[in-house]
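Here is the structure we will look at.
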Amino acid sequence: MRAWAAWTVRGAAGGLIAVALGHTLWNGLVEPGTALAFGALIVIGELARRDAGGDTAGTAGAALHRTAPLGSAGALGYALLGPAAGRPTHHGVLQIVAVVVAAALVGIVPHIARGRGPALDHLARRVLTVTFAAACFQPLYNSGRLEDRVGQGPYLVLFLLLLLGLTALCDAVLAAALAGTRTGWPYGPLLRDELRAQLGIGSAICATGVVMALGVAGAGLWAVPVFSVPLLLTQLSFHRIAAIRTTYRQTITSLARATEIAGYTRPGHSRRVAALSCAVGRELGLSERELTVLEYAALMHDIGQLSLVDPVPAGATAELPAAEARRIAELGGEVARQTGAPAEVAVVVERQADPYREQPVAARIVRTVNAYEDLCGHAGGSGHPGGSLAALERLRLGTGHDYQPEVVECLARVLARGGPGRVVPVQAG
């Protein structure tokens, strides 16, 4: 079903692109100066695009939405453009789509040459979102009904804001559908995260698009570069914040590897637990912020073992007595606080050995996934089918006190789908 939805989105975008380019090539550009100005802005926006580094917790859709905000704002501004310097314009929906696609392709070429071009889904979303906005605005404007009904005052601004709200909803629905196809994650949480992303940089994109269209209506094309500067600065700020977050995550990952380097845990154990924990968190519907906390806590969940004189065999804390496991978890929470990790991360680390009814949700997930990894390791490796089945049965037997039943069943469903980037032949119970 998800694959069908994704191919529908791509097919619709491809059909629109073909029709729009053919129509524009046959009839020529209407008001080429205006088309060139907005096309140049879209090209600059794509050239300024940064590749969003993926992480275990982040959604691809939300990341793609932040890649080229200046280009998105320019496309929306062109779609919502009525008069220019007081003179009416006559470009239609198909020309808008053609200009947006041509400019986006020109801006993407340098990224493709460096081997870092965006996914085609990014362009499909842009095309359908811009088409929706233009189809809602341009026929009303060109027929004169928009001016007759709302005029040129505050009611026009309210109409544009309402239209942009619907456009943002359309974009979020498309982004969640495409991300669900790529990742297999539940649609509901993906849509919620996309809607939340719209409240951040998405609001700035929509506001800039409206202001740009209204500015060109009164001041002419000089308004395009003037109103682009604030969003460009905002885009640079977002890139800097993203770079800081990436560096912080790399620091947490390096710190988590200390237990592997010291021989306390098996190689790759913390990364596997983090990836699988985030997949289970997605299945449970956690938000992006909760998934970030979960990822950091899962990476650091074994850090308390560095306090041990003698390592636990294979680092398998799931087999330890409850008191010993709790002591290691509390020491790990203290280490996490000393490293400057968020307080929520330290709480998850130090409470991962508690009975599940006393734990926050993230700690329940980390405990369950860590136990699964430990039990699989003892059964001959986490990729061994027999080990996977036996580990899940052990976890189900412990749902009365140690592991939350819902978390265990979510883990079984994730594994049945192949897990995060690997295939594990496990049947969900």
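Computed values, structure above
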quantity: Filter pass, Leu190 being at pLDDT below 85 and either touching a strand residue (DSSP E or B) at 6+ places or on another chain (Cβ under 8 Å) or under 25 Å from Gly418 (Cα atoms) (or both); calculated: yes
quantity: Of residues in the stretch 205-215 being more than 13 Å from Gly165 (Cα to Cα) and of a type in the set (Val, Ile, Thr), the one most open to solvent (accessible area, probe 1.4 Å); calculated: Val211
quantity: Scope the stretch 119-140; condition in a helix (DSSP H, G or I), touching a residue at least 12 places away in the same chain (Cβ under 8 Å) and open to solvent by 40 Å² or more (accessible area, probe 1.4 Å); matching residues; calculated: Leu120, Phe132, Ala135, Cys136, Pro139
quantity: Per-region count, the stretch 1-15, residues assigned to a helix (DSSP H, G or I) and open to solvent by 50 Å² or more (accessible area, probe 1.4 Å); calculated: 6
quantity: Sole residue being open to solvent by 10 Å² or more (accessible area, probe 1.4 Å) and either out of contact with any Cys (no Cβ under 7 Å at 6 or more places or on another chain) or farther than 28 Å from Ala102 by Cβ (or both), chosen from Gly180, Gly151, Gly202; calculated: Gly151
quantity: Subset of the stretch 322-345 that is touching a residue at least 40 places away in the same chain (Cβ under 8 Å) and in a helix (DSSP H, G or I) - its residue that is most open to solvent (accessible area, probe 1.4 Å); calculated: Glu344
quantity: Matching residues, the stretch 49-74, being open to solvent by 10 Å² or more (accessible area, probe 1.4 Å) and at pLDDT 80 or above; calculated: Ser72
quantity: Test: residue in the stretch 216-232 that is on the phi < 0 side of the Ramachandran plot, surrounded by fewer than 24 Cβ atoms within 10 Å (Cβ to Cβ), modelled with pLDDT under 80 and not in a helix (DSSP H, G or I); calculated: no
quantity: Meets criteria (modelled with pLDDT of 85 or more and open to solvent by less than 50 Å² (accessible area, probe 1.4 Å)) for Leu284; calculated: no
quantity: Top-ranked residue of the stretch 75-100 - restricted to ones that are surrounded by fewer than 23 Cβ atoms within 10 Å (Cβ to Cβ) and β-branched (Val, Ile, Thr), ranked as modelled with the highest pLDDT; calculated: Val93
quantity: Members of the stretch 105-118 found to be open to solvent by 10 Å² or more (accessible area, probe 1.4 Å) and in contact with a helix residue (DSSP H, G or I) (Cβ under 7 Å, 6 or more places away or on another chain), listed by number; calculated: Val106, Ile108, Pro110, Gly117, Pro118
quantity: Residue tally, condition in contact (Cβ under 8 Å) with a residue 40 or more places away in the chain, closer than 30 Å to Leu195 by Cβ and open to solvent by 30 Å² or more (accessible area, probe 1.4 Å), over the stretch 287-312; calculated: 3
quantity: Qualifying residue in the stretch 118-139 (condition: of a type in the set (D, E, K, R) and over 23 Å from Val9 (Cα atoms)); calculated: no
quantity: Evaluation of Thr259 against (1) at pLDDT below 85; (2) open to solvent by less than 30 Å² (accessible area, probe 1.4 Å); (3) under 20 Å from Arg364 (Cβ atoms) (one fails), failing number; calculated: (3)
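Yes/no per residue for (1) more than 20 Å from Ala279 (Cα to Cα); (2) among the charged types (D, E, K, R); (3) at pLDDT below 80:
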site: Glu358; (1), (2), (3): yes, yes, no
site: Ala362; (1), (2), (3): no, no, no
site: Arg367; (1), (2), (3): no, yes, no
site: Glu373; (1), (2), (3): no, yes, no
site: Ser382; (1), (2), (3): no, no, yes
site: Gly386; (1), (2), (3): yes, no, yes
site: Ala391; (1), (2), (3): no, no, no
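The values are calculated or read from the model by the stated rules, or taken from the named source; none is laboratory data. Since the model is a prediction, treat every value here as computed from it, not as a measurement. Glycine gets a Cβ as well: all are built from the backbone with ideal geometry, and neighbour counts include every protein chain shown. Accessible surface areas use protein heavy atoms only, side chains included; no ligands, DNA or RNA. Shrake-Rupley method; radii C 1.70, N 1.55, O 1.52, S 1.80 Å.
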